[in-house]
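Beneath this line is the structure, given in C-alpha cells, with notes to follow.
The values are calculated or read from the model by the stated rules, or taken from the named source; none is laboratory data. Being a predicted model, the structure only gives us computed values, none of them experimental. Backbone-built Cβ (ideal geometry, glycine too); neighbour counts: all protein chains shown. Areas reflect the complete protein model, heavy atoms only, side chains present, ligands, DNA and RNA absent. Shrake-Rupley method; radii C 1.70, N 1.55, O 1.52, S 1.80 Å.
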Amino acid sequence: MQRVKYAAVGCSGMGRRHLHGYAKLRDSGHGNIELAAVCDLDASLANALADEAGSLTGSRPPAFTSVAEMVASVPGLEAADITTDAGSHLSVSRACLGAGLHVLCEKPLGLTVAECREIIEAGRTAGRIVSVAENFRRDPMNRLVKALIDDGAIGAPRLMREESIGGTDLIVTAPWRHFKHTGTVIVDSGVHNADIIRFYLGEIVSVYGESRLHEPLRRPQPQVDAAAAQRDSWWGARSQLPAITKATGEDAIYAQIRFASGAICQWVLDRAGHGLPRDERVIYGAKGSIAAPGDRNGRPVVLHLDGGLSITDERILDFAPSYRLNPVAATLFGDARPWRYDFGFNDVDQKLLALQLHELADCIRQGTAPEVTGAEAMADVALAYAPVESGRLGRAVTMDEILNGSASPYQDEIAALRRSA
Ligand SMILES: NC(=O)c1ccc[n+]([C@@H]2O[C@H](COP(=O)([O-])OP(=O)(O)OC[C@H]3O[C@@H](n4cnc5c(N)ncnc54)[C@H](O)[C@@H]3O)[C@@H](O)[C@H]2O)c1
C-alpha cells in the first residue's frame, strides 16, 4: 500500500522527538508513512529538523515557515503531525484540516474544552481524521494494567490513587507552560494523568477539587541529573530561558473523582512540590490491588492479593489473558505480551511515537478511527480542568457541565485572555 505523505508541523523539542519516532517506525519494517515536509514559524528550527531528517533517513524534506505555503508547494500531502505549542493547536489544526490534511495533534488537543470542540468540528467539516498523540496509554505496562483490571484480577475497582508531586519553582521545559493563556502545566501535563485515569477506569460522573498557583515566580533548571539532561537535550540550551518567569496559570490540582461504576479516584498533580518527590499510581479493587509502575520506564506491574501474596514476575500474565500488543507494538517491544521491558527513555519514547504515526497512516488507508479521537482528547482536557472549575465554583462539578461549558469560570478567563492577546 502507498505510504501516507505527511508534514511535521512544529520543529522544536517535541517535533524532534516525533522525527526520531518516525525513524524508529521506518527501521521497524512497518513503515507506512513518509515525511514529505517540515514547517515551523522559526525558519532555523525548520531547517535544522529538515537537516536532521536528512541524516536520519537519507532524504531531506523541504522546510517551510507557513502551512499554507507548504501545502501549495508539496504535491500529494495527506497528513500533518502537529507538535507546536499547546496554545497554537487550534489555529494550526484549523489551517491543516482546512487544507484537506488529516491531523495527528500533540496533547492537549486544545487549550480549553471549547477549543477542542472547535478542532473536532473543523475535522468533521473537512471530513478528515483528528487523532491526538496521547502516548502514555500506549506504554505496554499501561496496556497490561488495563487488561488486569478488565480481566478481573482485582475484582471491581474501588479506588485509584494517582499522585505526582515535585518540580519546586523550576520552569517546566518552557515558560509557556506557566501562563494561563498559553497552556498551564496542569493541563499540559495533567491531560496525561487524566487520560490514564479515564483509560483505566472509564466514564466519569463528577469531580470535586481545588487548584493552586503555588509558585508565581519560576526559574530555569540549574544543574540537572544525567537522565533529565538526556530528556531535555531535545530542547536546546537552558541558558536561553529568561531568568524569571512570572507564572499566571495554576500549578497544582487536588481532586476527588467519581466514576459511573461507583469507583473513586484521588488525584494529586502538584508541579510545585518541594522536598520529597512522589509518583504513585495504585488501583484497589474488591479482590486485590495493582501497583502500576508509571510511564515509559518498563518496570514490572505488581499485583497484590489477599494473604500477603504479591505477583512481581511474569506470572502476572496469567491474570491478564486479554493482554496482547498489536503487531507493530510487539515488533517494537520485542514481545506481544511483555511483563517488563528494559529500554532507555528515548528509545521507549520513540517506540510510542512510532506507534502513533503508524496508527494515523493506517486509519487514513483503512478509513478507521484512531484510538484517541478528538472527543476522547477533549474528555481528557475536561478532566484536567474539572478540579479547577470545581474549586472556583466551591462545589462538585459534573463532567457533563464541564463538557458542555456550563461550569467553566476558569476556562472563560482563559478565553477572555486569549481574545485580548
Ligand atoms: N507527550 C509528551 O511526552 C510531550 C512532551 C513534551 C511536549 N509535548 C507536547 O508537544 C507540543 C510541543 O511542545 P514543545 O515543548 O516542543 O513546544 P515548543 O514551545 O518548544 O515548540 C513549539 C514550536 O511550534 C512552533 N510553532 C508555533 N506556532 C506555529 C505555527 N503556526 N506554524 C508552525 N510552527 C509553529 C514554534 O515556533 C516552536 O518551534 C505541546 O503540545 C506539548 O504539550 C508532549
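Descriptive notes on the structure:
- Rg ratio (alpha-carbon, reference 2.2 N^0.38 Å) - the chain: 0.96
- For a straight C-alpha distance cut-off of 19 angstrom, the aspartates and glutamates reachable from LYS5 (same-chain residues fewer than eight places away being disregarded) are ASP27, GLU34, ASP40, ASP51, GLU52, GLU69, GLU78, ASP81, GLU106, GLU359, ASP362.
- Given the chain, longest segment not containing exposed loop trypsin sites (Lys or Arg not before Pro) (DSSP; at most 15 other Cβ within 10 Å): 4-286
- Bridgeable lysines around LYS287 (alpha carbons under 20 Å apart, same-chain partners fewer than 8 residues away excluded): LYS146.
- Set of lysines with alpha-carbon distance to LYS246 below 17 Å, sequence-local pairs under 8 removed: LYS180
- Under the Karplus curve 6.51 cos²θ - 1.76 cosθ + 1.60, θ = phi - 60°, whole-Hz ³J(HN,Hα) for segment 309-321, x wherever Gly or Pro sits: 7, 10, 9, 10, 10, 5, 4, 4, 5, 5, 8, 9, x
- Measuring r between the beta carbons of VAL74 and GLU371 and using R0 = 30 Å, the FRET efficiency lands at 0.60.
- Each part gets one Cα centre, and for segment 106-143 versus segment 320-343 those centres are 25 Å apart.
- Sequence of LEU417, LEU25 when ordered by accessible area, the most exposed leading, probe 1.4 angstrom: LEU417, LEU25
- Percent accessible area from carbon and sulfur atoms, the chain, protein chains only, probe 1.4 Å: 50 percent
- Solvent exposure of the chain, expressed per residue, is 40 Å² of accessible area, with all protein chains present and a 1.4 angstrom probe.
- Top of ALA243, ALA292, ALA354 by mean-square fluctuation, Gaussian network on the chain, Cα under 10 Å: ALA243
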